[in-house]
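Enquirer: After the structure tokens below, expect a handful of questions from me.
The values are calculated or read from the model by the stated rules, or taken from the named source; none is laboratory data. Note that the structure is predicted; figures quoted are calculated from it, not measured. With ideal geometry, Cβ positions are generated from the backbone for all residues, glycine too; neighbour counts draw on all protein chains shown.
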Amino acid sequence: MEGVNDVRVRLDLAYDGRDFSGWARQREGRRTVQGEIEDALRVVLRLETTPQLTVAGRTDAGVHARGQVAHVDLPGEVWSAHGEHLLRRLAGRLPMDVRILRVSEAPPHFDARFSAIWRRYAYRVTDHPGGADPLLRGHVLWHNWPLDVDAMNEAARGLLGEHDFAAYCKKREGATTIRTLQRLEWVRRADGILEATVQADAFCHNMVRSLVGAMLFVGDGHRPVEWPAKVLAAGVRDSAVHVVRPHGLTLEEVAYPPAGQLEARNRASRTKRTLPPLPGCC
């Protein structure tokens, strides 16, 4: 919560997630992205207490980011004294697998989490019979079956839109699993790697990795193209939907509305969503 004289500062950041136990600070001894950045801020700003970061999306252990966004509230006098040099000082303090790319004073009502209008992830897979390029092994999943991109894209179309994604999420007490999936599409790059673009207004726990797992089962012929949509409609976890490994996943971008729309977006994001009744129902 911002104090009377505090300045809200936006941090745009990137990290290689392979050696982190996820974003969120955990018990002592577990290395996290949040912990590294908060500790670095405390040292370079000479603060008596550790500042608290709010993030656009809490990534799991092993997941990467190149477009993550967080905010922190700093005393006005601290920002005035150190803001100009904060980026360079953080670069000198942080480990090489996490980088702050930009530091800026946020507009009124900006909230890294609740102001976001969508998040975009990429998941990268290779079906090369020899396995993943050793230099990319920390960012590309090897799937040991040939994959049909056209079939995967056909299956993906049945998942787009606003739905209850309970079948593809790890449920959390009191949290809704209703999301609007805006994009889910696959391309095979010139180097042979398959890249999924997955974009939604928000994601629930394990949602992207579960969706990718379902798509891979379609792509390798183990399930028909209609299967992922049927799983979605059933509304319960299907043991055949595998949560793929985290290292192929990267948070690429988080989008925000114009400054004048931030307050309204915050209110909308905090409203628990429900789906409209089906036609002819109730």
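Enquirer: Return the total of residues in the range 42-70 being more than 22 Å from Tyr256 (Cβ to Cβ) and among the aliphatic types (A, V, I, L, M). Break it down into steps so the answer makes sense when it comes.
Expert: Here is the first cut: in the range 42-70, the ones more than 22 Å from Tyr256 (Cβ to Cβ) are 42-50, 60-62.
Next cut, among the aliphatic types (A, V, I, L, M) only: 43-45, 47, 61.
Residues flagged as more than 22 Å from Tyr256 (Cβ to Cβ) and among the aliphatic types (A, V, I, L, M) within the range 42-70 amount to 5.
Enquirer: Just wondering, is there one or more residues in the range 195-203 that are under 30 Å from Pro129 (Cβ atoms), hydrophobic (A, V, I, L, M, F, W, C) and either surrounded by 19 or more Cβ atoms within 10 Å (Cβ to Cβ) or at pLDDT 95 or above (or both)?
Expert: As a first pass, look at the range 195-203 and keep what is under 30 Å from Pro129 (Cβ atoms): 195-198.
When the remaining residues are screened for being hydrophobic (A, V, I, L, M, F, W, C), the result is 196, 198.
Keeping just the survivors that are either surrounded by 19 or more Cβ atoms within 10 Å (Cβ to Cβ) or at pLDDT 95 or above (or both) gives 196, 198.
There is at least one residue in the range 195-203 that is under 30 Å from Pro129 (Cβ atoms), hydrophobic (A, V, I, L, M, F, W, C) and either surrounded by 19 or more Cβ atoms within 10 Å (Cβ to Cβ) or at pLDDT 95 or above (or both).
Enquirer: Considering only the range 95-103, I want to know if a residue exists there that is of a type in the set (Val, Ile, Thr) and closer than 25 Å to Arg124 by Cα. Walk me through it before giving the result.
Expert: First pass over the range 95-103, keeping only residues of a type in the set (Val, Ile, Thr): 98, 100, 103.
So of that shortlist, the ones also closer than 25 Å to Arg124 by Cα come out as 98, 100.
Checking the range 95-103: at least one residue is of a type in the set (Val, Ile, Thr) and closer than 25 Å to Arg124 by Cα.
Enquirer: Give just the number: which of (1) surrounded by 19 or more Cβ atoms within 10 Å (Cβ to Cβ); (2) over 25 Å from Val140 (Cα atoms); (3) not aromatic (Phe, Trp, Tyr) does Gly219 not satisfy?
Expert: All conditions are met except number (2).
Enquirer: Out of (1) under 30 Å from Leu11 (Cβ atoms); (2) touching a Gly at 6+ places or on another chain (Cβ under 9 Å), what's the single condition that is false for Ile178?
Expert: Failing condition for Ile178: (2).
Enquirer: Here is a further query. Taking the range 171-190 as the search range and keeping residues that are loosely packed, with under 11 Cβ neighbours inside 10 Å and among the charged types (D, E, K, R), which one is farthest from Leu249 (Cα to Cα)?
Expert: That would be Glu173.
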